[in-house]
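The values are calculated or read from the model by the stated rules, or taken from the named source; none is laboratory data. Just so we're clear, the structure is a prediction, and the values are computed from it rather than from any experiment. Using ideal geometry, Cβ is built from the backbone for each residue, glycine included, and neighbour counts are taken over all protein chains shown.
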Amino acid sequence: MPSPADVVQAQLDAYNARDLERYLANFSDTVKSYRMPSLTPALDGKAQLGAFYAAERFNRPGLRAELLHRTVLGNQVFDHERIFGIGDAPYEIVAVFEVKDGLIETLWGYSA
């Protein structure tokens, strides 16, 4: 089974390739994605995740994420990233991934 860091790297590589099928292969069917500080999932399930990334992210030719720093604590991976291609200027986020059984089960996104 791949390590949590390997799973998160695979999703980052797929994100930068804008390869939706390969991206979604790293997430559980029941994945929940949160935009903090909200305690309500912004995306609930792989189908919603896929629909969002197909319509709002992977159709942007300049989309890419640059990994600035990664920390792994057990099954959680903390990525500090710089995101390009969504707004006029790049912005930074911290994405926290919880990996269970080789798939991302929960994603928390923190941005300024």
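Structure notes:
- Residue list for the stretch 82-112, restricted to those being free of Cβ contacts under 8 Å to residues at least 40 places away in the same chain and either closer than 19 Å to N26 by Cα or not in a strand (DSSP E or B) (or both): G85, I86, G87, D88, A89, P90, V94, A95, V96, E98, A112
- Residues being within 24 Å of D101 (Cβ to Cβ) and in contact with a strand residue (DSSP E or B) (Cβ under 7 Å, 6 or more places away or on another chain) - total across the stretch 16-29: 3
- Qualifying positions in the stretch 77-92 - under 14 Å from R57 (Cβ atoms) and either modelled with pLDDT of 95 or more or surrounded by 13 or more Cβ atoms within 10 Å (Cβ to Cβ) (or both): E81, I83, F84, G85, I86, Y91
- Among residues of the stretch 30-51, those that are surrounded by 13 or more Cβ atoms within 10 Å (Cβ to Cβ), closer than 15 Å to V99 by Cα and among the polar types (S, T, N, Q), counted: 1
- Among the residues listed as L68, L73, the single one being of a type in the set (A, V, I, L, M), farther than 17 Å from R18 by Cβ, at pLDDT 95 or above and touching an Asp or Glu at 6+ places or on another chain (Cβ under 8 Å): L68
- Residues that are over 13 Å from the mean Cα position of the chain (by Cα) and modelled with pLDDT of 95 or more, drawn from the stretch 93-112: K100, D101, G102
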